[in-house]
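What follows is a short report on a single structure.
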Amino acid sequence: LDLDAEETSSGVVITSQGYSALKGGRIPFMRTRRFFWNAPEMLFEAAETRHLKELTYFISGAAPEAMIVDGRLERAIYRRDGVDVCWQFSPMPVYGHFNGQAGGWIFEFDSPEVETLVQWGASGTAFPKFQSISQELDKVRAKGPRGQRSFSAQSKHECIEPDESLLLPEGECMFTGDAAKPGSALMDLAVRRLDKDLVGIGAVRVFALDKLAESPSFPMFKPSLVRAVRSLKERMIFGVVPEDDPDQFYQWGTGTWPRCLSVLSLDRFGFHREAFEYLEFMFDASRQFEPCDGLPHLWDNFYITGPKINDRLYDINAHSMKLYEAGKFHLRHRDDVWGQKLLQEHYGTLRGWCQWIERHMETDGAVLDETESNIWAHGYGTFSQAPAAAGVKLFADMARHAGKNDDASHFSKVAKRLMDGLNSRLWGDAANPYWNLEAGGGECYLSYIPVTPEERNWWDQPVKRVGISCYSLAASYFLQDPDVALLSQKDARASETLDLAIKHGGDPFDQRLTTWHIRRKEAHMGYGPGQMLQALLFTGRGESFREVLDAVFETSKREVGDIYLMQEHLGRIGFPNRGNKAALAYFPFLAALLAGFDASELSERAKTCLPDLVVRRTENSKIKKQHK
């Protein structure tokens, strides 16, 4: 499922990871990197556990009489048929014993990271002593127009930048990439230094980006961006466990969230294969819901071995956002291998996604949904209606490009009906009891209208409709996107909604931040400030944009020990959700829009919002402008 191998001039590098079957799904628990060296042949393995405090190494099939293990456990030698195989570890095992029931030798370590060197030769070979130099290699050196510099490979907010090249350390190197032009990659570097009686080997992971943006007025912009993109790239599998939170302190870490814009964020920064594979995973996952109602679709949150334990399996907005991402991905890749695979292998699934949305439309085009933006209840809301219209519209464009004109015509009409439902059903009084805004304060796109006045919410309290909230801004977030263009950049209703959100949505923790829809003291980075920043960008409100961005960085720095990590909820002092996928997925997408890595039509408004933004990219990272 996750095996990756690359042949280099010095040997072969293989990366893989193990899985633990836990309740609710498979949880990745270990990543291994194996380096097969040539001349002399040897295997170096670096293993790191994610959810275990200790590591066990098992040599199977080794009879006790064939193994020679010294008393200090410095090395173990397996001798048979005139051949010796030697194992050495760093750090040393704390315990080693033969287990007859298991059929082999077991070595136990009190460290979550263990390096192993395996050597082999004729019986009696004097194997050199293994010494790890990984700690020495942690300092990555790079050179570029601004001179030479070094940084720690473990610093997740650092990377080799677009105009820099890697300076390889002394010794024989095995590197999965081009050291001169790394591009966008998370690469494995191992170095071997051979001596008569000693072999020093170490490994390190090197992160590089071929597109990067920074702002002198916001020093945290670049490191936060690097951190977010690296986090998306280094997820153990398909966004299941945040690499920033290996202990799963973040309570939802065992699931995956379709409503995060992970595909677009990965794609914009050069990780096209990873973006497509994540999208493919979502296509496959959507098939597991097919027995429920005959169509492939996605729900809000599910585990990789099956759906979340819920008999309704109902969430249009998350499903629609992946449809939106698929449409955006196709626009950028319609003339390359990824775009062709999307149409050739997954067109039917995407069409089924559109049919599933259509099935949940009312006569007037309003979409009935169950989602947290609807206070965990059945109802209607802009956060469902807007991405549904955007996703279906982009699919209609995709169908037209594929020459499927009947589908293009049909789903263009569906997108129009969805917009009719937005305008007729989801425009009205902005009153929001959770924001202490009474009726008569203005009109906006509505967050939530319950199915009946008696609808009750998660806390079994009476629910009236919710007018203005961060979710009202989804109209700007999706429909004013130049690739969608279902709302103009000067749409009066979108502007009025934005004005009301700015006026009434300030979080008590920081008035510059837009709070969540029903909790005054918890601003959600993805759905509050995230959507506000997007709306301000599309409307070119530069001063307000910079105020909100400053608040996001300032609050994140003040509230979390790791200042470059944007947590999920701002306002949870002492209890942040570390490494949340929503914040780490939305921020790179926003940065890509500002930097012009997405729709060129945003360039002037982006300059207005962040005029001092500096963008650097390598020549090979430029993507041809797509024609509409």
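Can you give me the angle between helix 542-559 and the longest principal axis of the chain, using Cα atoms only, in degrees from 0 to 90, rounded to the nearest 10?
40
Can you compute 3J(HN,Hα) from phi for each residue in segment 508-513, using the Karplus curve 6.51 cos²θ - 1.76 cosθ + 1.60 with θ = phi - 60°, rounded to whole Hz and x for Gly and Pro?
Couplings: x, 5, 7, 4, 6, 9 Hz.
What's the angle, to the nearest 10 degrees (0 to 90), between helix 382-401's Cα axis and the longest principal axis of the chain?
70
Leaving ligands, DNA and RNA out of it, work out the accessible area of ASP110 with a 1.4 Å probe and give it in Å² to the nearest 10.
Only protein atoms counted, so the area is about 110 Å².
Viscosity 1.306 mPa s, temperature 10 °C: what is the translational diffusion coefficient of segment 335-414 from Stokes-Einstein with a Kirkwood Rh over Cα pairs, rounded to a whole number of µm²/s?
Stokes-Einstein gives a translational diffusion coefficient of 117 µm²/s.
Ranked from highest to lowest mean number of other Cβ atoms within 10 Å per residue, what is the order of the peptides 82-89, 590-597?
Output ranking for 82-89, 590-597: 590-597, 82-89.
Between GLU136 and SER217, what is the spin-label point distance in nm, taking each point 7 Å from the Cα along the Cα→C-beta axis?
4.7
Only four residue types carry charge here, +1 at the Cβ of Lys and Arg and -1 at the Cβ of Asp and Glu. Report the dipole size of the chain about the Cα centre in Debye, rounded to the nearest 20.
920
Rounded to the nearest 500, what is the chain's calculated 222 nm mean residue ellipticity when only DSSP H runs of at least 4 contribute -39500 (n - 2.57) each, over all residues?
Computed mean residue ellipticity for the chain: -9500 deg cm²/dmol.
Taking only the alpha carbons of segment 361-482, what extent do you get along each of the three principal axes, in Å, biggest first?
51, 25, 21
The chain: Rg/Rh from Cα coordinates, Kirkwood Rh?
1.02
Cα to Cα, under 20 Å, and not fewer than 8 places away if on the same chain: which aspartates and glutamates meet these conditions relative to LYS416?
Those aspartates and glutamates meeting the cut-off are GLU325, GLU358, GLU362, ASP364, ASP369, ASP397, ASP406, ASP407, ASP481, ASP483, ASP491.
Go through 62-71, 441-450, 385-394 and give me the packing order, highest mean Cβ count within 10 Å leading.
My ranking of the peptides, most packed first, is 385-394, 441-450, 62-71.
Considering only protein heavy atoms, what is the solvent-accessible area of SER165 at a probe of 1.4 Å, reported in Å² to the nearest 10?
Rounded to the nearest 10, that gives 20 Å².
Return the loop-located trypsin sites (Lys or Arg not before Pro) in segment 306-390 (DSSP other than H, G, I, E, B) with at most 11 other Cβ atoms within 10 Å of their own Cβ; answer none if there are none.
Qualifying residues, ordered by number: ARG312.
Specify the angular offset, from 0 to 90 degrees and rounded to the nearest 10, of the alpha carbon long axis of helix 405-425 from the longest principal axis of the alpha carbons in the chain.
60
Do the alpha carbons of any pairs in LYS503/LYS607; LYS322/LYS607; LYS156/LYS181 sit beyond 23 Å of each other, and which pairs?
Long pairs (Cα-Cα over 23 Å): LYS503/LYS607; LYS322/LYS607.
Which loop trypsin sites (Lys or Arg not before Pro) in segment 77-156, with loop taken from DSSP, have no more than 15 other Cβ atoms within 10 angstrom of their Cβ?
ARG146
As an exercise, use a Förster radius of 35 Å and the Cβ-Cβ distance of GLN344 and ASP178 to find the FRET efficiency, rounded to the nearest 0.05.
According to the calculation, E is roughly 0.70.
At ASP197 and ARG519, where each label point lies 7 Å from the Cα along Cα→Cβ, what is the point-to-point distance in nanometres?
Between ASP197 and ARG519, the label points sit 6.2 nm apart.
Roughly how much of ASP81 is accessible, in Å² to the nearest 10, using a 1.4 Å probe?
Counting only protein heavy atoms, the figure is 140 Å².
The values are calculated or read from the model by the stated rules, or taken from the named source; none is laboratory data. Worth saying up front: this structure is predicted, and the values here are computed from it rather than measured. All Cβ positions, even for glycine, are placed from backbone atoms using ideal geometry, and neighbour counts span all protein chains on display. For the accessible areas, the whole protein counts, side chains as well, though only heavy atoms, and no ligand, DNA or RNA atoms are used. Shrake-Rupley method; radii C 1.70, N 1.55, O 1.52, S 1.80 Å.
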